[in-house]
Amino acid sequence: MADKKVDSGSESDSTEEPVVGNVNKFAVVPPGYNGRPKKGHLIFDACFECGNLGRVDYITEYEYDLFIRPDTCNPRFRVWFNFTVENVKSDQRVIFNIVNFSKTKSLYRDGMSPMVKSTSRPKWVRIPAKHVYYYRCPDHRKNYVMSFSFCFDREDDVYQLAYCYPYSYTRLQNYLDNLEKKNMDFFSRELLCLTVQQRRLDMITITHPDNLEMDETKHTVFVTARVHPGETPSSFVCQGLIDFLISNHPIAKVLREHIVFKIVPMLNPDGVYLGNYRCSLMGFDLNRHWLEPSPWAHPTLYATKNVLMELDRNEKVLVDFYIDIHAHSTLMNGFMYGNTYDDIDRYERQSVFPKLLCANAEDFSLANTNFNKDAVKAGTGRRTLGGCLDDNSHCYTLEVSFFSYQTNSSSSSLPYTEEGYMKLGRNLARTFLDYYKLINIITAKPSSSIVPKPGPYRMRDRNHERSQTDPSSDSYEDRRRSYNRNGEFSINNCNGFGDPPTSIRLQLRDRDVRKY
């Protein structure tokens, strides 16, 4: 069973013979060769969690064509790959051609390259970009091909190659198990449902235990991630957010005292486990089925939406935010998608949070941030919940690049690492403090600015602090210019953050008065 054809970003349909199932310890030998594989006859394997490689064709002893296995029950999506190679010879040089990508646009055109690690070097690194080529190939029905050269330098190693840093269902379960064992009174884990293949859909709640008593109105932030299984960076961002919220950092403590955080870190466990890029076990792009999720075909969406609707109906709960974390295959940096509304006040209010996030995260791009109601996005979490939740709720998609980011101070691209993705999650948490201080829900210190490391108090730090508050400083004037004469929000300016227009501040605060 599969979805009808939907837009997924410049896809190309392949007329090659279908690829079904992953290769399993498949030895690629020269034509006509009989007998056991010799050293240097490469053995490929993708029969493991999150693995994907459907077929390998021998071209020469130095070149191999590799075919991505399409998503389960949906042949349209062929992007994610993750496989191992063994039985290599020392200093064996090869060219791998991945020949059946379903997307034409790709960050491979901008310097992205596959990830690799080996048994003796377990840390993921990128293959040098100078060894990677992305082009339309006449030998493969003019499909786009990504070719890269590689040298196997240690013959006893097993090498693993992947599209991006893998983050498996088992890794998440181990992570949540370890958090649960710490018996933190501000952390709880709940099983929302089981998937079609009987995997857990977890929801965690992070807040001060006093906030679980419904005697006062509670401000709630709801975050989801990994509805698209191949978008692994979203899991690292989500873990960074969780790690920060459960930490002893002063900001985390203040947030827990005032806000209830509910997080569903993996919306598509089956798709993740199977090594799909976009779809579930049954071939559904779940991020097009939020409007009317089926309890049997889309059980994770059905359970998550029910929780959200129950929170929204509770007069003692304010669902301030719904944020769905994704990864993007053609753009750089982190950025957000938001909704457009006929209500100008609501549109202005939702413009505030991305601006605050940009002030905290050097990798966040307001230039890529966009508010839309495109027809091709109908059925997404952001669009659907923007129409279902209270008018005062802010619904966003947070995107982060599969590859790299640029900062305002540098024109060169900086490749993301696992730590870089997690840092964006931590900065997302810091931004909630800024927002709730802005609307006077949180009045206590500390500031969300990065706490300086122990050491001498430098004049540069003092000058920076002065520039944030002194009206005579040039930096202060630059920040004030981010608003036009009519007090409208300039979403594309990211030089710094000044106070939003008074009208927006009052609208945000009035929202809370009305709810009480």
Item to check | Odd one out for Asn276, checked against (1) assigned to a strand (DSSP E or B); (2) buried (at least 22 other Cβ atoms within 10 Å of the Cβ) | outcome: (1)
Next on the checklist: With the requirement that a residue be in contact with a Pro (Cβ under 7 Å, 6 or more places away or on another chain) and under 30 Å from Ala303 (Cα atoms), what does segment 353-387 give you?
Outcome noted: Thr369
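Conditions tested, residue by residue: (1) among the hydroxyl-bearing types (Ser, Thr, Tyr); (2) over 17 Å from the mean Cα position of the chain (by Cα).
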| site | (1), (2) |
| --- | --- |
| Arg383 | no, yes |
| Leu389 | no, yes |
| His394 | no, yes |
| Thr397 | yes, no |
| Ser413 | yes, yes |
| Glu418 | no, no |
Item to check | Selected residue (criterion: most open to solvent (accessible area, probe 1.4 Å)) from residues of segment 90-106 that are in a loop (DSSP other than H, G, I, E, B) and under 19 Å from Leu42 (Cα atoms) | outcome: Asp91
Item to check | Tally, over segment 30-78, of residues that are aliphatic (A, V, I, L, M) and either not in a loop (DSSP other than H, G, I, E, B) or not assigned by the TED database to the domain that holds His140 (or both) | outcome: 4
Checklist outcome for this item: Scanning segment 137-153 for residues that are in contact (Cβ under 8 Å) with a residue 24 or more places away in the chain and of a type in the set (D, E, K, R), the one least open to solvent (accessible area, probe 1.4 Å) turns out to be Asp153
Item to check | segment 361-377 - residue that is in contact with a helix residue (DSSP H, G or I) (Cβ under 8 Å, 6 or more places away or on another chain) and crowded, with 18+ Cβ neighbours inside 10 Å and, of those, modelled with the lowest pLDDT | outcome: Lys377
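Per-residue answers, yes or no, for (1) farther than 16 Å from Tyr159 by Cα; (2) surrounded by 20 or more Cβ atoms within 10 Å (Cβ to Cβ):
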residue	(1), (2)
Pro70	yes, yes
Arg76	yes, yes
Val79	yes, yes
Thr84	no, yes
Tyr108	yes, yes
Val116	no, no
Pro122	no, no
Item to check | Search result, residues across segment 199-253 that are aromatic (Phe, Trp, Tyr) and in contact with a Gly (Cβ under 9 Å, 6 or more places away or on another chain) | outcome: Phe236, Phe244
Checklist entry - Can you name the residue in segment 48-62 that is within 11 Å of Asn82 (Cβ to Cβ) and without any contact (Cβ under 8 Å) to a residue 60 or more places away in the chain and, of all such residues, is most open to solvent (accessible area, probe 1.4 Å)? => result Phe48
Checklist outcome for this item: Within segment 180-208, residues closer than 14 Å to Asn248 by Cα and open to solvent by less than 30 Å² (accessible area, probe 1.4 Å) come out as Phe187, Ile206, Thr207
Checklist entry - Is there a residue in segment 353-360 that is over 24 Å from Met112 (Cβ atoms), at pLDDT 95 or above and polar (S, T, N, Q)? => result yes
Item to check | Top-ranked residue in segment 304-352 [being among the acidic types (Asp, Glu) and either surrounded by 23 or more Cβ atoms within 10 Å (Cβ to Cβ) or modelled with pLDDT of 95 or more (or both); ranked as nearest to the chain's Cα centre (by Cα)] | outcome: Asp324
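Yes/no matrix, rows are residues, columns are (1) farther than 24 Å from Arg76 by Cα; (2) open to solvent by less than 10 Å² (accessible area, probe 1.4 Å):
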{"residue": "Lys253", "(1), (2)": "yes, no"}
{"residue": "Gly271", "(1), (2)": "no, yes"}
{"residue": "Asp285", "(1), (2)": "no, yes"}
{"residue": "His289", "(1), (2)": "no, no"}
{"residue": "Pro299", "(1), (2)": "no, no"}
Next on the checklist: Can you tell me which of (1) surrounded by fewer than 22 Cβ atoms within 10 Å (Cβ to Cβ); (2) farther than 23 Å from Phe364 by Cα; (3) touching a residue at least 40 places away in the same chain (Cβ under 8 Å) is the one Leu267 doesn't meet?
Outcome noted: (1)
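The values are calculated or read from the model by the stated rules, or taken from the named source; none is laboratory data. This one's a predicted model, so the numbers in the text were calculated from it and none came from an experiment. We place every Cβ from the backbone using ideal geometry, glycine too, and count neighbours over all the protein chains shown. The area values use the complete protein model at the heavy-atom level, side chains included, leaving out ligands, DNA and RNA. Shrake-Rupley method; radii C 1.70, N 1.55, O 1.52, S 1.80 Å.
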